[in-house]
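Below is one structure, written out as structure tokens, with a few remarks after it.
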Amino acid sequence: MKSKEEKQFEAIKELDQHLPCNQSQRTAVLKLPYRASLNELQKLSPTALAYLGDAVYELYIRMYYLLPPQRLNSYHRSVVEQVRAEMQANHLQALAPHLTEIELEIVRRGRNAATRRPKRVPAETYQQATSLETLIGYLYLTDEARLIELLHKLNLKSDLGLNH
């Protein structure tokens, strides 16, 4: 029986045969168009980092639920379940013991920047969700290996009862 990682690797290899670009070209699309200095990145507002982090987080979640193949509606339900503010707040709480002092400071800055919120969630929940997005945006720009390490610690489950 093949592991999840082996199945994913085989699926990616099969997809690679049909795609016109190689891995380095695909990765380059997801990078900044120029090399930003750490000083420049530190000047970004927490809301700008959260804006980026929201996109990176959703892409990670979408990729996570891509395999095994499902109907589009099943993909959508699984992803929406994970990107809701309540679930993001839960993920932040689960990651908190694993965060460094610098990461906790980024989380604090993200929480303080979350001034507006949707009416359906409490302010504290929205602040925590924004904090997670801010951290993800920051790590995406500064330390992708650490970002991946933390994302792999998330306890992601499908609303269909499937664990990956």
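3J(HN,Hα) along segment 121-132, derived from phi through the Karplus expression 6.51 cos²θ - 1.76 cosθ + 1.60 where θ = phi - 60°, amounts to 10, x, 4, 4, 5, 5, 5, 5, 5, 5, 4, 4 Hz, with x in place of Gly and Pro. Couplings for segment 42-57, taken from phi via the Karplus curve 6.51 cos²θ - 1.76 cosθ + 1.60 with θ = phi - 60°, read 5, 7, 5, 6, x, 5, 5, 5, 5, 4, 5, x, 4, 5, 5, 4 Hz in order; Gly and Pro are left as x. As a rough guide to protection, the peptides 133-143, 105-115, 65-75 ranked by mean Cβ packing within 10 Å, highest first, stand as 133-143, 105-115, 65-75.
Once the chain from residue 43 to residue 99 is taken as fully extended at 0.36 nm per residue, the excess over their C-alpha distance is 18.0 nm.
Each value in this text was obtained by applying a stated rule to the coordinates, not by laboratory testing. None of these values were measured; they are calculated from a predicted model. Every residue, glycine as well, gets a Cβ built from its backbone with ideal geometry; the counts of neighbours run over all protein chains shown.
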